[in-house]
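S.K.: The structure that follows is given in the form of structure tokens.
The values are calculated or read from the model by the stated rules, or taken from the named source; none is laboratory data. Here the structure is a predicted model, which means the values were calculated and not measured. Virtual Cβ from ideal backbone geometry, glycine too; neighbours counted across all protein chains shown.
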Amino acid sequence: MKLKEYCGIVGVYNKSEAANYVYLGLHALQHRGQEAAGIVSTDGGQFYEYKGYGLVNEVFNKNAISSLKGKIAVGHNRYSTFGDDSVANIQPLSAQFDMGKIAVAHNGNIVNANIIKTELVKDGAIFNSNSDTEVIIHLIARSQKETFLERLKDALRVLKGAFSLIVMREDALYAIRDPWGFRPLSMGKLDDSIVFASESCVFDLIGAEFIRDINPGEMVIAGNEGVKHYEDVFNEIKESKCVFEYIYFARPDSYLWGKHIYSIRKKMGEVLAEESPVDADIVIPTPDSGVPAALGFSQKSGIPFDFGLIRNHYVGRTFIEPAQSIRHFGVRLKLNPAKDVLKNKRVIVIDDSIVRGTTSKRIVKMLKSVGAKEVHIRIASPPVVSPCFYGIDTPTKKELIASSHTIEEIRKYTTADSVAYLSLNGLKKVVGESGYCFACFNGEYPIEFDK
Ligand code: AMP
């Protein structure tokens, strides 16, 4: 098991067939979560919901989408980062309380959820799910404030950690980013409708116009009175955007926090080429995650780019493995070496990151098995040395190869001829010095956690 993708969220306000647009949006965000998907919609009175396990197109069919009535809808693609696999954990989570109905879609991980939950349970609260998101609903329902807005703010102020949220009520959508701004959330416009989505690639797909990112600590409401925004929800903003979004998670065609992901990744490859050059015949990517960085590396170094590994794009999440184990089955299923490209070549193979080191090790073997003369691993991010507590389900510190191995030890483990990573300074040169969480690379956590 390695790091897992986290979640993608989409909300559409004031659009006929809102659920259909949300469904399309979830398709665009499939890379952020493949375990389950759900949509909740409202026609102003009723809430309609449909959820299930699997990819977006496995979960929904035409009937399901047409059962989701109304002009407001919110959807979620999930990879569990907290809680188990039970259906009750599939988002958006919806509930009824004294002020009406509510549905919540959450991307991130609330680090003090256990503490809050223990207190609530002591106080008589009953939880349906064991997802950290449900605490938000309880906090809203229990707040003594008079208006929904004040109750929501009250609840949000208790939370610590990563929470990009879309909250739906019968007549409005609320989009919120935590004061650290760990996870993305942006706003777009489609005719008279407002769209919120984890990434801007959603807007491209549904023909919406990208307006802007929601700011860290900001709440934007799309409702009867138009679009309103509040910057007074939290006392303090401590911007710590997840830099791993730039490195691996977000889609390369998305614009995030003012930057185009593709260009950022390419630049990382360029800086890597400057920092750790090596004589070789070809530069190849680990597809798809290494492609932009490999192009950057190739262009900077002048070493030709080629596809030495061919990816099977049709491998689903589930497959049946033969009882008799096949060597390297896992990686072979996804990647196969292109013999003619590699034979007798000195190869630089670029990937975006190393987590446990298993992929790199298998790739080196694969490349050498078809006659690559030398294999040089270049990684377009710094060594991952610390687990993430803000929405990425990382393996434990022990399992992160770079937390306990030197680069030379990693080279030996992978059997590569050389290994080099982008330096943290190099990364900062590309994305900027401040405003990011670099905890997975330097262990400096912006907030404590209670795991
Ligand atoms: P590993 O084999 O554990 O070293 O995993 C490294 C590979 O996982 C690289 O090819 C990365 O592109 C990919 N990767 C990095 N982060 C994640 C993640 N959060 N989820 C899935 N794959 C990832």
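S.K.: Among the residues in segment 428-440, are any more than 16 Å from the ligand (Cβ to nearest atom), touching a residue at least 60 places away in the same chain (Cβ under 8 Å) and closer than 27 Å to Ser131 by Cα?
M.R.: The answer is yes, given that some residue of segment 428-440 is more than 16 Å from the ligand (Cβ to nearest atom), touching a residue at least 60 places away in the same chain (Cβ under 8 Å) and closer than 27 Å to Ser131 by Cα.
S.K.: Follow-up question, since we're still on this one. Looking at segment 289-336, which of its residues are modelled with pLDDT under 90 and part of a helix (DSSP H, G or I)?
M.R.: Of everything in segment 289-336, those that are modelled with pLDDT under 90 and part of a helix (DSSP H, G or I) turn out to be Phe329, Gly330, Val331, Arg332, Leu333, Lys334.
S.K.: Conditions: (1) closer than 21 Å to His76 by Cα; (2) in contact with a Lys or Arg (Cβ under 7 Å, 6 or more places away or on another chain); (3) part of a loop (DSSP other than H, G, I, E, B). Ile140 meets all but one. Number of the miss?
M.R.: The failed condition is (3).
S.K.: I would also like to ask the following. Out of all the residues in segment 172-187, is one or more assigned by TED's automatic domain parsing to the domain that holds Lys15, more than 22 Å from Asn77 (Cβ to Cβ) and surrounded by fewer than 17 Cβ atoms within 10 Å (Cβ to Cβ)?
M.R.: The answer is no, given that none of the residues of segment 172-187 is assigned by TED's automatic domain parsing to the domain that holds Lys15, more than 22 Å from Asn77 (Cβ to Cβ) and surrounded by fewer than 17 Cβ atoms within 10 Å (Cβ to Cβ).
S.K.: Moving to a separate point now. With the checklist (1) touching a residue at least 40 places away in the same chain (Cβ under 8 Å); (2) buried (at least 20 other Cβ atoms within 10 Å of the Cβ); (3) in contact with a Gly (Cβ under 8 Å, 6 or more places away or on another chain) in hand, flag the one item Val59 doesn't pass.
M.R.: (1)
S.K.: Sticking with this one: Does Leu190 meet the test of being closer than 29 Å to Asp171 by Cβ, surrounded by fewer than 19 Cβ atoms within 10 Å (Cβ to Cβ) and either hydrophobic (A, V, I, L, M, F, W, C) or not assigned by TED's automatic domain parsing to the domain that holds Gln30 (or both)? Before the answer, list the steps.
M.R.: Working: closer than 29 Å to Asp171 by Cβ: yes; surrounded by fewer than 19 Cβ atoms within 10 Å (Cβ to Cβ): yes; either hydrophobic (A, V, I, L, M, F, W, C) or not assigned by TED's automatic domain parsing to the domain that holds Gln30 (or both): yes.
Judged against the criteria, Leu190 is a match.
S.K.: OK, next. Looking for whichever is of a type in the set (S, T, N, Q) and over 30 Å from Ile447 (Cβ atoms) here; the options are Ser67, Ser86, Ser94. Which one fits?
M.R.: From the options Ser67, Ser86, Ser94, the qualifying one is Ser67.
S.K.: Got a number for residues in segment 299-310 being in contact (Cβ under 8 Å) with a residue 24 or more places away in the chain and away from the ligand (no atom under 16 Å from the Cβ)?
M.R.: So the count comes out to 5.
S.K.: Tally time: how many residues in segment 185-196 are assigned to a loop (DSSP other than H, G, I, E, B) and touching a helix residue (DSSP H, G or I) at 6+ places or on another chain (Cβ under 6 Å)?
M.R.: 0
S.K.: Only one of (1) in contact with a His (Cβ under 9 Å, 6 or more places away or on another chain); (2) crowded, with 19+ Cβ neighbours inside 10 Å is not met by Gly161, so which one is it?
M.R.: Among (1) in contact with a His (Cβ under 9 Å, 6 or more places away or on another chain); (2) crowded, with 19+ Cβ neighbours inside 10 Å, Gly161 violates only (1).
S.K.: Right, here's the next one. Do you know which residues across segment 202-221 are buried (at least 16 other Cβ atoms within 10 Å of the Cβ), without any contact (Cβ under 8 Å) to a residue 40 or more places away in the chain and closer than 15 Å to Tyr13 by Cα?
M.R.: Once the filter is applied, which keeps residues that are buried (at least 16 other Cβ atoms within 10 Å of the Cβ), without any contact (Cβ under 8 Å) to a residue 40 or more places away in the chain and closer than 15 Å to Tyr13 by Cα, segment 202-221 yields Phe203, Ala208, Ile211.
S.K.: Out of all the residues in segment 222-251, which are buried (at least 17 other Cβ atoms within 10 Å of the Cβ) and without any contact (Cβ under 8 Å) to a residue 60 or more places away in the chain?
M.R.: Listed by number, the list holds a single entry, Ile237.
S.K.: Can you tell me which residue in segment 227-258 is farthest from the ligand (Cβ to nearest atom), limited to those that are touching a Gly at 6+ places or on another chain (Cβ under 9 Å) and within 17 Å of Tyr436 (Cβ to Cβ)?
M.R.: So the residue we want is Ile237.
S.K.: Considering segment 413-448 alone, what residues qualify as being in contact with a strand residue (DSSP E or B) (Cβ under 9 Å, 6 or more places away or on another chain) and exposed (fewer than 14 other Cβ atoms within 10 Å of the Cβ)?
M.R.: Across segment 413-448, the qualifying residues are Thr415, Glu444.
S.K.: Taking the stated definitions as given, is Leu139 without any contact (Cβ under 8 Å) to a residue 40 or more places away in the chain and crowded, with 17+ Cβ neighbours inside 10 Å?
M.R.: It is true that Leu139 is without any contact (Cβ under 8 Å) to a residue 40 or more places away in the chain and crowded, with 17+ Cβ neighbours inside 10 Å.
S.K.: Looking at segment 274-287, which of its residues are in contact (Cβ under 8 Å) with a residue 60 or more places away in the chain and either within 16 Å of the ligand (Cβ to nearest atom) or crowded, with 19+ Cβ neighbours inside 10 Å (or both)?
M.R.: Hits for segment 274-287 are Ser276, Ala280, Ile282, Val283, Ile284, Pro285, Thr286.
S.K.: Then there is this: I'm told Val385 meets every condition in (1) crowded, with 18+ Cβ neighbours inside 10 Å; (2) assigned by TED's automatic domain parsing to the domain that holds Thr286 except one. Can you identify the failing condition by its number?
M.R.: For Val385, the exception is condition (1).
S.K.: Which residues, counting only those in segment 388-402, are within 21 Å of Gly108 (Cα to Cα) and within 8 Å of the ligand (Cβ to nearest atom)?
M.R.: Ile392, Asp393, Thr394, Pro395
S.K.: Something else: Spot the failing condition for Gln30; the list is (1) in contact with a Gly (Cβ under 7 Å, 6 or more places away or on another chain); (2) polar (S, T, N, Q); (3) within 16 Å of the ligand (Cβ to nearest atom), and only one is missed.
M.R.: The one condition Gln30 does not meet is (1).
S.K.: Mind checking whether some residue in segment 350-367 is more than 18 Å from Leu400 (Cβ to Cβ), more than 16 Å from the ligand (Cβ to nearest atom) and without any contact (Cβ under 8 Å) to a residue 60 or more places away in the chain?
M.R.: no
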